[in-house]
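Notes for the one structure printed next.
The values are calculated or read from the model by the stated rules, or taken from the named source; none is laboratory data. What you are looking at is a predicted structure, and each value in this text was computed from that prediction instead of being measured. Here Cβ is always computed from backbone atoms with ideal geometry, including for glycine, and neighbour counts include all displayed protein chains.
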Amino acid sequence: MSSFPLRRWAHVLMPVAAAAVLAGCTTGEQPAASAGSTSSPVASEVPGVALEPALDHLHGLHLDSGGVVLAGTHTGLVEIAANGRTTRVGDSDDDFMGLTGTPGTDRLFASGHPGPSSSAPNPLGLIDSTDGGRTWTPKSLTGEVDFHALATDGELLVGFDGVTGLLISTDGGSSWTAGAPVAAAALAVTDAGVWASTAAGLQHSTDGGRPSAGGPEAPPLALLSAAQDGSLWGIDTDGAAWRSRTGQSWEQHAVLGPVEAVLAVDFDTAYAATAQMLYPLN
């Protein structure tokens with residue numbers, strides 16, 4: 001694995017105990033359910049738009065240059081129209097375990113496993129697209145890494161490799177350096193640093209120095225997304241949507257119930273989704 005100089009804060013995420021390291025092919029180690037949570041489904045307070053046809057599963061959302069929501073699924077990339085109509089983007093039927101993109105652009109990064117029509121090695125490593133997912137190109141770590149979480153702000157690209165911890169790239173995924181040994185259920189990148197949702201809570205990298213005794217006070221977030229304005233949105237383990245301007249303090253926005261992905265647009269706007277519903281949050 002090639003080395004590349006990193007911003008110092010890329011190394012100072014709080015590590016998670018070894019028991020939190022993920023094994024198997026899932027979206028990441030989920031934070032433990034908060035006290036008082038139950039197994040009963042929670043009814044959404046937010047009106048949703050039914051997806052037609054419904055999807056199989058979601059592993060990430062992205063807002064493209066035209067303001068269209070894209071979803072990474074087990075069978076390729078899908079466009080979600082405002083009325084809920086879903087349409088396959090491009091010809092790929094790859095299983096996207098991780099999906100991210102430079103906010104508001106058609107530059108995408110993904111990872112996962114080759115689909116039935118693909119002859120690519122398994123796992124895919126990092127693949128990228130410059131045309132909104134219509135075509136994909138192998139970028140790096142082909143046959144080596146299955147990123148279970150990915151995030152980028154257009155300059156820094158961060159991924160959880162599904163086993164040992166974070167990998168960091170500052171050249172668009174061409175080369176990587178090992179980051180902190182954390183098992184991240186979700187990742188986000190802002191000007192303030194790297195954010196990771198872990199079984200130990202929300203972890204935040206700093207601009208150098210030693211890790212603190214813990215991350216910022218935050219709800220137990222299972223999903224996390226950063227907006228271009230530096231704000232963060234997350235979904236907790238009870239299905240409530242939260243938002244924060246800086247990541248240091250959080251306010252509850254609405255209760256959704258179980259969802260599979262969240263996408264922050266700005267502090268006032270986000271999307272959450274299941275395989276059956278899209279929830280605009282504003």
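(1) over 21 Å from Ala226 (Cβ atoms); (2) of a type in the set (Gly, Ala, Ser); (3) in contact with a Lys or Arg (Cβ under 8 Å, 6 or more places away or on another chain): which one isn't true of Gly172, the others all being true?
(1)
Every residue, every condition in (1) at pLDDT below 95; (2) outside any strand (DSSP E or B); (3) of a type in the set (Val, Ile, Thr); (4) at positive phi, yes or no:
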residue	(1), (2), (3), (4)
Ala184	yes, yes, no, no
Ala196	yes, no, no, no
Gly208	yes, yes, no, yes
Ser212	yes, yes, no, no
Gly215	yes, yes, no, no
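Just a yes or no: is a residue in the stretch 247-267 in a loop (DSSP other than H, G, I, E, B) and of a type in the set (Ser, Thr, Tyr)? Full working, then the answer.
Within the stretch 247-267, the subset in a loop (DSSP other than H, G, I, E, B) is 247-250, 256-260, 267.
Going one step further and asking which of them are of a type in the set (Ser, Thr, Tyr), we end up with 249.
Within the stretch 247-267, one or more residues are in a loop (DSSP other than H, G, I, E, B) and of a type in the set (Ser, Thr, Tyr).
Take the residues in the stretch 82-110 that are part of a strand (DSSP E or B), polar (S, T, N, Q) and over 17 Å from the mean Cα position of the chain (by Cα); name whichever of them is surrounded by the fewest Cβ atoms within 10 Å (Cβ to Cβ).
Within the stretch 82-110, the subset part of a strand (DSSP E or B) is 85-89, 95-101, 108-110.
Filter again for polar (S, T, N, Q), leaving 86-87, 100.
Those still in the list that are over 17 Å from the mean Cα position of the chain (by Cα) too: 86-87.
Numbers: Thr86: 19, Thr87: 11.
If we take residues in the stretch 82-110 being part of a strand (DSSP E or B), polar (S, T, N, Q) and over 17 Å from the mean Cα position of the chain (by Cα), then Thr87 is surrounded by the fewest Cβ atoms within 10 Å (Cβ to Cβ).
Would you call Ile168 crowded, with 24+ Cβ neighbours inside 10 Å, touching a residue at least 12 places away in the same chain (Cβ under 8 Å) and not in a loop (DSSP other than H, G, I, E, B)?
Values: crowded, with 24+ Cβ neighbours inside 10 Å: no; touching a residue at least 12 places away in the same chain (Cβ under 8 Å): yes; not in a loop (DSSP other than H, G, I, E, B): yes.
Spelling it out, it is not the case that Ile168 is crowded, with 24+ Cβ neighbours inside 10 Å, touching a residue at least 12 places away in the same chain (Cβ under 8 Å) and not in a loop (DSSP other than H, G, I, E, B).
For the stretch 58-81, give me the residue count where each residue is within 16 Å of Asp94 (Cβ to Cβ) and surrounded by 21 or more Cβ atoms within 10 Å (Cβ to Cβ).
Residues meeting the conditions: 11.
Has the stretch 230-249 got any residue that is more than 22 Å from Leu61 (Cα to Cα), surrounded by fewer than 23 Cβ atoms within 10 Å (Cβ to Cβ) and in contact (Cβ under 8 Å) with a residue 24 or more places away in the chain? First the steps, then the outcome.
At the first step, the residues of the stretch 230-249 found to be more than 22 Å from Leu61 (Cα to Cα) are 248-249.
Now narrow it down to the ones that are surrounded by fewer than 23 Cβ atoms within 10 Å (Cβ to Cβ): 248-249.
If we keep only those that are in contact (Cβ under 8 Å) with a residue 24 or more places away in the chain as well, we get 248-249.
Checked the stretch 230-249: at least one residue is more than 22 Å from Leu61 (Cα to Cα), surrounded by fewer than 23 Cβ atoms within 10 Å (Cβ to Cβ) and in contact (Cβ under 8 Å) with a residue 24 or more places away in the chain.
Take Leu202 and decide whether it is under 24 Å from Val69 (Cβ atoms) and either buried (at least 22 other Cβ atoms within 10 Å of the Cβ) or at pLDDT 95 or above (or both). Walk me through how you get there before you give the answer.
On the way: under 24 Å from Val69 (Cβ atoms): no; either buried (at least 22 other Cβ atoms within 10 Å of the Cβ) or at pLDDT 95 or above (or both): yes.
So Leu202 fails the test.
For Thr152, indicate whether it is under 18 Å from Thr100 (Cα atoms) and surrounded by fewer than 23 Cβ atoms within 10 Å (Cβ to Cβ).
Answer is no for this residue.
What tally of residues in the stretch 121-136 results from selecting those that are part of a loop (DSSP other than H, G, I, E, B) and under 17 Å from His62 (Cα atoms)?
Filtering the stretch 121-136 for residues part of a loop (DSSP other than H, G, I, E, B) gives 121-125, 130-136.
In the following step, the residues that additionally are under 17 Å from His62 (Cα atoms) were identified as 130-136.
Counting residues in the stretch 121-136 that are part of a loop (DSSP other than H, G, I, E, B) and under 17 Å from His62 (Cα atoms) gives 7.
Could you please tell me which pairs satisfy a Cβ distance under 8 Å, a separation of 6+ or placement on different chains, a first residue in the stretch 132-157 that is under 16 Å from Gly72 (Cα atoms) and touching a residue at least 24 places away in the same chain (Cβ under 8 Å), and a second residue that is part of a loop (DSSP other than H, G, I, E, B) and of a type in the set (A, V, I, L, M)?
Close Cβ pairs satisfying both conditions: Asp146/Leu124; His148/Leu22; His148/Ala184; Ala149/Ala184; Ala149/Ala185.
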